[in-house]
Amino acid sequence: MTAALYPAFLKLDGLRVVVVGGGPIAAGKLDGLLTAGARVTVIAPAITNAIRVLGKQVTLVERAFVPSDLDGARWVVAAAPPAINQQVAAAATARGLFVNAVDDTSAATAYLGGVIRRGEVEVAISTGGTAPALAGLLREALDALLPPELERWVEIAQKARADWKRSGTPITARRSLLLRALVQRYRADVFPIERGAS
């Protein structure tokens, strides 16, 4: 039986990320990495125009991958043919790095899921790399269910958390208090006349 995956979100701001592969699959990974503030290096003998147009946002290395390309990296994306992905995976393992191998579960030690972003809220869905199309469908379904005022909920939760930390409110009590605050905000938004009622 395969062990369960451990879900996590990475802080990549200012960190070196290496993407091996220069085609459309590699290009599709860059937006999320750049949004996260990563310093991205793309390594491939041939690099598509979809990557070139990013200009100085990424460092381009136009040659075949060598293991030392991963020196100093914190995250690795293998988006090359399977034989190259295996080389990348071996080099990453030797350096204690996780590697996301796009559509190549045998070379991957990390899997990316379908992601929903609403301001500070991020929801990720993973199928362990075995059914990415299903993860995409689930992402679309959940995105349709999430409330439009989700960003406002984050503001309420942030303020409440600061208050709780100051007052020493136990962590075990915070969820019920937050739910109460969100319900009060919802009622104030939906029934504003009640706020002035006696």
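The values are calculated or read from the model by the stated rules, or taken from the named source; none is laboratory data. If you're wondering where the values come from, they're calculated on a predicted model, not measured in any experiment. So basically every Cβ, Gly included, is an ideal-geometry build from the backbone, and we count neighbours across all protein chains shown.
Only one entry of 114, 129 meets the criterion of being in contact with a Lys or Arg (Cβ under 6 Å, 6 or more places away or on another chain), surrounded by 11 or more Cβ atoms within 10 Å (Cβ to Cβ) and closer than 30 Å to residue 90 by Cβ, and that entry is 114.
When 116, 47 are screened for being of a type in the set (A, V, I, L, M), on the phi < 0 side of the Ramachandran plot, assigned to a strand (DSSP E or B) and touching a Leu at 6+ places or on another chain (Cβ under 7 Å), only 116 passes. Of the residues 59, 41, 109, the single one that is more than 13 Å from the chain's Cα centre (by Cα), over 18 Å from residue 10 (Cα atoms) and outside any helix (DSSP H, G or I) is 59.
The condition (being assigned by TED's automatic domain parsing to the domain that holds residue 25, within 25 Å of residue 6 (Cα to Cα) and at pLDDT below 85) is satisfied by just one residue among 76, 102: 102.
The set of residues in segment 82-97 being in contact (Cβ under 8 Å) with a residue 60 or more places away in the chain and out of contact with any Ser or Thr (no Cβ under 9 Å at 6 or more places or on another chain) consists of 84, 88.
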